[in-house]
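One structure is given below, encoded as structure tokens.
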Amino acid sequence: MRFAARLCLSVAPVLFAVSLITFFAIEVLPGNTAEQLAGVNATAEQIERLEQALQLDRPPWVRYGEWIGGAIVGDLGVSLANRQSVVSLIAERLPVTLALTSFALALALAAAVPLALISVYRPGGAVDRTVAILSMTGLSLAGYVLAPLLILVFAVQLGILPSIGYVPLSDDLIGGIRSLILPATALAVPLLGLYTRFLRGDLLEQIDSHDYMLAAKARGIGPWRALLRHALPNSLFGLMTLVGLHLGALLGGAVIVEQIFALPGIGQLLLQSVNLRDITVIQAIVLLLATATVLANLTVDVLYAALDPRIRHGRA
Amino acid sequence: MAALDAVVAASPARAAQPAGIALPSGLLCLVAVLCFLVPLVGSLPSPTGGDVLAAGLPPFSNGHILGTDLNGNDVLSRLAYGGRSSLVIALLANLAGLVVGATLGAISAQAGGAVDAVSMRILDAFIAFPSLVLVLVIAQALDASVPGTIVALSCFTIPAFARVARAATLRLREQAFMLAAGLSDAPAWRILAFHVGPNIVPQLTSFLFLGVGISIIVEGALSYLGLGVPPPAPSWGNMIFHGQQAMHSQPSLILLPSLCIFVTVLACNLLADALRRRWTAQ
């Protein structure tokens, strides 16, 4: 418990700094919201009136106080563009992004674990080298480079999957999954490269520098069994940390993938709000994404401690 | 930025080497020649203001070796000029990261105590933002422009370099020469400049190539979304975006800029990897 408390103490200041950066980066930068909303033909007087109506004329730190106070109790204000509550706007979109990112994460992990295992079975062998090239290739493919290629092959040439659009999973499970296959693949491939490289390195380290692997070998345990039962569980700890650290890459990637495939998720909402300069929505989404990353890392640390007695008792 | 750490962190004991230093350096030189020299020596048509009557020509057409896009602009010329801005933006953003970020990181690690604790929390906060989201929000506020994109990208390269430099400096602490330098009563700036600096350069160099690769990807994403290099100026990202309109009829309009981004990023990643292996081995 003391471990958890210490983690919370280090997380709270980070979250506070995150909220400051979010608010002021969007607030202080040039480009006036009221001007944008009023349109190109608005007079100075109209803009001023709009500013007062939106309460944008008060000092930024007063508005920060109100904003963060609201955010803590779950009220993120209303959209400046259409007066809808920001929380309800986000709640509408969240399931799409969650479905997309969890599908992508599952794909990446499901492929990375076996790939890493077959490459450490014989380090430096043909399989290992092939996997190394594949994972380096995956790592170098941006989602927006891969996505058009996937559409070109699977939707245009072969015509077996829908190219764009989203079918809610609750309406039609099969159709929903089909509409997510290409976007999730585009999002998963770079992560897959990253995870495979990491897991391969970590498994090799277990084999090379830990006596328990030697002991397993001495007891006559077969190589696959030693890998699966002894090395892998230890390496999965490291992979878990990596997944947490890289949640940002997953969420950032989702923004552009949602745009390409016209999926009505958080990323698409962010881009729409960016174009409208709807700052309350932008601030809320950026805060949400950054908080999610910080909390995911906290969860990983806590889980790590819960599962690994060496850390729980402060001996590692 | 996230992707950067893991590539650095994954240090395979027995590396399956995808490539040495020669291949990726060669690829990068090739890209640089295409982007910087070809427009100078050849008689490339202008990348903008093309003739609509010559729009959508396939590759190997007369006068347009890679064809023309939907506005009649020469594709080879757009690839070259687009690559030029991608490379310049990525290099400048990472040099800013290297100069500002690495200095701050090394100072923070050397200072230790409260200074280090506070700056670490600030770094953690910056790193919590998905890099694309942070850059996107800042880029749109600065309006689509080349300098705006560089500033926006620096917002993630600076914290990233700071973190790498800090970690590398902390690792040095246990070395005997650092203890000796500390005991010798040398001023702090001297220790930083002559003892810490040269010893963290290898790590920073390999990180620089990684950072350039990631920056090219993020810059491409911004340009794809219309928030990076302002159209009609070409960039690989906005070429992919516009190419999607002709996906059925002329897939080369997507494939060529995609290939350029992929090859450049791959070369950067391979080079970073090879350099890192080299200094780990030493």
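Bear in mind that the values in this text are calculations on the coordinates, not laboratory data. Keep in mind that this is a model prediction, so the values were computed, not measured. For neighbour counting, all protein chains shown are included, and Cβ atoms are generated from backbone atoms with ideal geometry for every residue, glycine included.
Which shape class, rounded, prolate or oblate, goes with chain A when its Cα gyration tensor gives a ≥ b ≥ c as root eigenvalues, a/c under 1.5 marks rounded, and past that a/b bigger than b/c marks prolate?
The shape class here is oblate.
Would you please give the residues with an amide H less than 5 Å from that of A:V78, counting only those at least 5 places away or on a separate chain, with H modeled from the backbone geometry?
Those qualifying (amide H under 5 Å, at least 5 residues apart or on another chain) are A:V86.
Could you work out how far helix A:173-209 tilts from the main Cα principal axis of chain A, as a 0 to 90 degree angle to the nearest 10?
For helix A:173-209, the angle is close to 50 degrees.
Return one number: the angle in degrees, 0 to 90 and rounded to the nearest 10, between the long axis of the Cα atoms of helix A:247-260 and the longest principal axis of the Cα atoms of chain A.
Approximately 60 degrees, to the nearest 10.
For the residues B:C35, B:C29, what sequence is obtained by ranking on other C-beta atoms within 10 Å, fewest first?
B:C29, B:C35
If you plug each phi of region B:155-161 into the Karplus form 6.51 cos²θ - 1.76 cosθ + 1.60 with θ = phi - 60°, what whole-Hz ³J(HN,Hα) values come out, in order, with x for Gly and Pro?
5, 10, 6, 4, x, 5, 5
Take the alpha carbon atoms of region B:220-261, find their center, do the same for region B:67-122, and report the distance between the two centers in whole angstrom.
21 Å
Distances over 19 Å make up what percent of all Cα-Cα pairs in region A:120-276?
Every Cα pair in region A:120-276 considered, those over 19 Å come to 65 percent.
Note down the relative contact order for region A:114-243 as a percent, whole number, built from C-alpha pairs under 8 angstrom at least six residues apart.
This gives 27 percent for region A:114-243.
Can you sort A:S79, B:S184, B:S206 by how many other beta carbons sit within 10 Å, fewest first?
B:S184, A:S79, B:S206
Per DSSP H run of at least 4 residues, take -39500 (n - 2.57); add these up for the protein assembly as shown, divide by its residues and hand me the 222 nm value, nearest 500 deg cm²/dmol.
-23000 deg cm²/dmol
Kindly identify the protein assembly as shown as rounded, prolate or oblate by the Cα gyration tensor criterion: order the square roots of the eigenvalues as a ≥ b ≥ c, call it rounded if a/c is under 1.5, otherwise compare a/b with b/c, prolate if a/b is larger, else oblate.
rounded
If we count other beta carbons within 10 Å of each Cβ, what is the order of A:R197, B:R278, fewest first?
B:R278, A:R197
For region A:177-196 and region A:87-154, compute the distance between their C-alpha centroids and round to whole Å.
4 Å
Helix A:44-53 versus the longest principal axis of chain A: what is the Cα-based angle in degrees, 0 to 90, to the nearest 10?
60 degrees
What dipole magnitude, in Debye to the nearest 20, does region A:86-315 give about its Cα centre under +1 on Lys/Arg Cβ and -1 on Asp/Glu Cβ?
700 debye
Taking the Cα centre of the protein assembly as shown as the origin and placing charges on Cβ (Lys, Arg +1; Asp, Glu -1), which of A:I47, B:A128, B:A22 is farthest toward the positive end of the dipole?
B:A22
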